[in-house]
Amino acid sequence: MTISTTVNGKAVTLNAEPDSPLLWAIREELGLTGTKFGCGIAACGACTVHVNGEPARSCSLPVSEVAGKSITTIEGIKGSDGTLHAVQKAWIAAQVPQCGYCQSGQIMAAVALIEKTGKPSDDQIDEAMTNICRCGTYPRIRKAIHAATGQAATAVEGAA
Ligand code: FES
Ligand code: FES
C-alpha cells in the first residue's frame, strides 16, 4: 500500500506493507540511517523518532499508523539558527556518547521531554528517559539535558 505522511517537514509517499515497521521505511526507503535498530521489540529506544511530536519506537510502529502524521527523525531536528539543536550542542559539550549506537534515540527522547516539560527535573528525566545505553552514559545524558535547558548540573550528574 502507499502511505502519505510527512517526514522532517517534507511530504513523502511510502510504499510498504501496512504492518511493516516504520523504522524500515525510514532507513530503507528514505535512506535516513541515523535512526538505529537495536532490539526490535520496543524495549531499547535506539529507533526513537517523533510522531506528531511524541516519542515513538519506530521498530514496533506499523507504517500504516503514521498515515497523515508528521514524523521527525534525528536528521530533522535543528536549532533556531538552522544549525545543531541545543540538545545536540549540549550532548557534544558533555561528551555524552561512547560507542554512540543508542545516542540518536537518546537525543530524540530528550528533545521530546524538553519540549513537553521545559526544564525537566531529575525525576522527570528518570521517568521519561527509558532508552537503554549499554555503555552506561546515563549520568552524562542527565547532565546534558540540564545544560540544554539552562539548569546547573547536580553533583551526581557531574560525576561522569
Ligand atoms: S530497536 Fe526499537 S526499541 Fe529497540
Ligand atoms: S553510547 Fe554505547 S550504547 Fe549508548
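222 nm [θ] for the chain, helices only, -39500 (n - 2.57) per DSSP H run of 4+, per residue, to 500?
-7500 deg cm²/dmol
Quick one: what are the phi-derived ³J(HN,Hα) couplings along the range 111-119, Karplus 6.51/-1.76/1.60 with θ = phi - 60°, whole Hz, x for glycine and proline?
Each residue of the range 111-119 in turn: 4, 5, 4, 5, 5, 7, 10, x, 10 Hz.
In whole Hz, what ³J(HN,Hα) sequence does the range 50-65 give by Karplus (6.51, -1.76, 1.60; θ = phi - 60°), x for Gly and Pro?
After applying 6.51 cos²θ - 1.76 cosθ + 1.60, I find 9, 10, 6, x, 9, x, 9, 8, 6, 5, 10, 10, x, 4, 4, 7 Hz.
How would you order 5-13, 64-72, 43-51, 78-86 from highest to lowest mean count of nearby Cβ atoms within 10 Å?
43-51, 64-72, 5-13, 78-86
Can you give me the long-range amide H partners of V7? Hydrogens built in the peptide plane at 1.01 Å from N, cutoff under 5 Å, separation of 5 or more residues or another chain.
Distant-sequence amide H within range of V7: V12, I71.
Return the lysines within reach of K143: Cα separation strictly under 22 angstrom, same-chain partners fewer than 8 residues apart disregarded; answer none if there are no such residues.
Cα-Cα hits under 22 Å: K78, K89, K116, K119.
Can you work out the FRET efficiency for the pair Q151 and S4, with r the C-beta to C-beta distance and R0 = 41 Å, to the nearest 0.05?
For Q151 and S4, the calculated efficiency is 0.55.
Hey, what's the Kirkwood Rh for the range 35-148 if you take every pair of different alpha carbons, in angstrom?
About 14.2 Å for the range 35-148.
Hey, what angle do you get for helix 138-148 against the long axis of the chain, alpha-carbon based, 0 to 90 degrees rounded to 10?
The helix 138-148 is inclined about 90 degrees to the chain.
Subtracting the Cα-Cα distance from 0.36 nm times the residue separation, let me have the gained length for D81 to E115 in nm, one decimal.
Once the chain is fully extended between D81 and E115, it gains 10.5 nm.
For the range 4-12, in order, what is each residue's ³J(HN,Hα) by Karplus, 6.51 cos²θ - 1.76 cosθ + 1.60 with θ = phi - 60°, in whole Hz (x at glycine and Pro)?
Per residue, the Karplus-derived 3J(HN,Hα) values read 8, 8, 10, 10, 6, x, 10, 5, 9 Hz.
Each reported figure results from applying straightforward, stated rules to the coordinates on display, with no laboratory input. Keep in mind that this is a model prediction, so the values were computed, not measured. Quick reminder, even Gly has a Cβ in these numbers, built from the backbone with ideal geometry, and neighbours come from all protein chains shown.
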